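Encoded as C-alpha cells, the structure appears first; notes follow it.
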Amino acid sequence: MTANQLTRFRLRLRSRLEGIQSKVGEIRNDLLQIAEARPAVLGDSLDQAKDAMDMNTRLELHDHSLRSKVQTQQALEKINNGTFGQCESCEEYIDMRRLEAHPTAALCLECQDKQERENSFRPRLLTSFRYSDLMYLNSGAV
Ligand SMILES: [Zn+2]
C-alpha cells in the first residue's frame, strides 16, 4: 500500500471515529433523558412498555457504536504499526476493493467467510436463522 493510500485511509477512519463519538454522545444524552423522565410515566403500563423499548433500541445502538469505535481505533493502530490491510487470520493482504468498502475489515474475504460459516453452527434464535444457513446444513457438508 502506498503512503498516499494510507493517508487517505487514516483521514477516513479519523472522521469516522469523530462521527461515532458524537453519535455515542447523542445516544447517552437520550438515555439520560429517558431515565430522568421515568418517574413521570410510571403507572401507565403502555407508556412503560414504550419507554423500555426506547431504552432497548438506544442501548443496542450504543453497543453497536462502541463496537464500531473499537474497530475503527484498531484500524488506526494498524496504520501506525504498519499492519493495516493485512488479514488477522492468514496475514495475507486484504483486497483493496474490500478495504475501500470496509476500511475496518480485520479479515480477508476467505477468512471472513470461513468465520461466518463456523459461527453459523452456534446455537441462535430461530428468527435469525437465515435461508443460506438452511441450504448449507442441507448440503451435507455438516
Ligand atoms: Zn485471511
Exercise. Do we have Leu76 as loosely packed, with under 13 Cβ neighbours inside 10 Å, within 19 Å of the chain's Cα centre (by Cα) and over 21 Å from Gln115 (Cβ atoms) here?
Worked result: no
Exercise. Among the residues of the range 99-112, which ones are without any contact (Cβ under 8 Å) to a residue 60 or more places away in the chain and either buried (at least 17 other Cβ atoms within 10 Å of the Cβ) or in a loop (DSSP other than H, G, I, E, B) (or both)?
Worked result: His102, Ala105, Ala106, Leu107, Cys108, Cys111, Gln112
Exercise. Out of all the residues in the range 100-123, which are within 20 Å of Leu76 (Cβ to Cβ) and either hydroxyl-bearing (Ser, Thr, Tyr) or over 15 Å from the mean Cα position of the chain (by Cα) (or both)?
Worked result: Glu100, Thr104, Cys108
Exercise. Within the group Leu13, Leu76, Leu46, which residue is touching a Pro at 6+ places or on another chain (Cβ under 9 Å) and part of a helix (DSSP H, G or I)?
Worked result: Leu13
For this session: Write out, first by first residue and then by second, each pair whose Cβ atoms fall under 8 Å of each other, whose residues are 6+ apart or on separate chains, and whose first residue, in the range 64-91, is under 10 Å from Ala106 (Cβ atoms) while the second is of a type in the set (A, V, I, L, M, F, W, C) and in a helix (DSSP H, G or I).
Result: Ala75/Phe9; Ala75/Leu13; Cys87/Cys111; Glu88/Cys111; Ser89/Cys111
Problem set entry | Pairs, first in contact (Cβ under 8 Å) with a residue 24 or more places away in the chain and within 18 Å of Ala105 (Cα to Cα) in the range 3-21, second among the basic types (Lys, Arg) and in a helix (DSSP H, G or I), C-beta under 7 Å, six or more apart | Leu17/Lys69; Ile20/Lys69
Exercise. Does Lys69 satisfy the condition of being within 16 Å of the ligand (Cβ to nearest atom) and in a helix (DSSP H, G or I)?
Worked result: no
For this session: Could you run through the range 94-113 and say how many residues are more than 9 Å from the ligand (Cβ to nearest atom) and not acidic (Asp, Glu)?
Result: 10
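We did not get these values from a lab; they are worked out from the coordinates using the rules stated. Owing to the predicted nature of the structure, the values given are computational and were not obtained by experimental measurement. Virtual Cβ from ideal backbone geometry, glycine too; neighbours counted across all protein chains shown.
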